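Beneath this line is the structure, given in structure tokens, with notes to follow.
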Amino acid sequence: MRLRTLAVSRAVNVAPGVGLVVLAWAMVLDGDLGVWRWPAAVLSISAGLYMAVRGPRAEVVCDERGVVVRGLLWTRAVPRRAVVEVTDFPALRWRDDRGRARWTPLTMFVSYPTLLPVHVRHSEEQVRRLRRWVHRRR
């Protein structure tokens, strides 16, 4: 099962990365950073491009092995047996091999007041689907 945001949300998720690239370019043109200008710009542009590529690909994939959360910055794979619950935040609560409690936020499905109702409903439905999958597989 693949859980994703709406297509328009995936397109908007490019914005943070593009914003970072624009900010880095402005740093280069401004020149006030002195010797740190180029290293800071290269780092910022690299991070911005990374985020611009990953943003639209944010998703949660569930299969018989477990859950893979592809977020804006990293990907987390959680074995099926380790999953505890899906919180209201929403986040995936799970336990590692040592029994320690872990928490992986599902930022792509976070609802906040300025979102359009269609986005909120879609995100809530994706979280409900994930909860059903977690409870069904126990």
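No value in this document is a laboratory result; all are computed from the given coordinates. Since the structure is predicted, the reported quantities are computational estimates derived from the model, not experimental observations. Methodologically, a virtual Cβ is constructed for each residue, glycine included, from the backbone with ideal geometry; neighbour enumeration extends over all protein chains shown.
In a DSSP loop and with at most 13 other Cβ atoms within 10 Å, the trypsin sites (Lys or Arg not before Pro) in the stretch 40-132 are 65, 98, 100. In this structure the amide hydrogen of residue 66, modeled in the peptide plane, comes within under 5 Å of the amide hydrogens of 80, none closer than 5 places in sequence on its chain. Applying a DSSP loop filter and a limit of 10 other Cβ atoms within 10 Å to the GluC sites (Glu not before Pro) in the stretch 1-94 leaves 64.
Karplus-based coupling profile of the stretch 40-47, in residue order and whole Hz: 5, 5, 4, 5, 5, 5, 4, 4, with θ = phi - 60° in 6.51 cos²θ - 1.76 cosθ + 1.60 and x standing for Gly or Pro. With the simple spin-label model, which puts each label point 7 Å out from Cα in the Cβ direction, the residue 81 to residue 63 separation comes to 1.9 nm. Residue by residue, the stretch 17-25 carries 3J(HN,Hα) couplings of x, 5, x, 5, 5, 5, 4, 5, 5 Hz when phi is fed to the Karplus relation 6.51 cos²θ - 1.76 cosθ + 1.60 (θ = phi - 60°); x denotes Gly or Pro.
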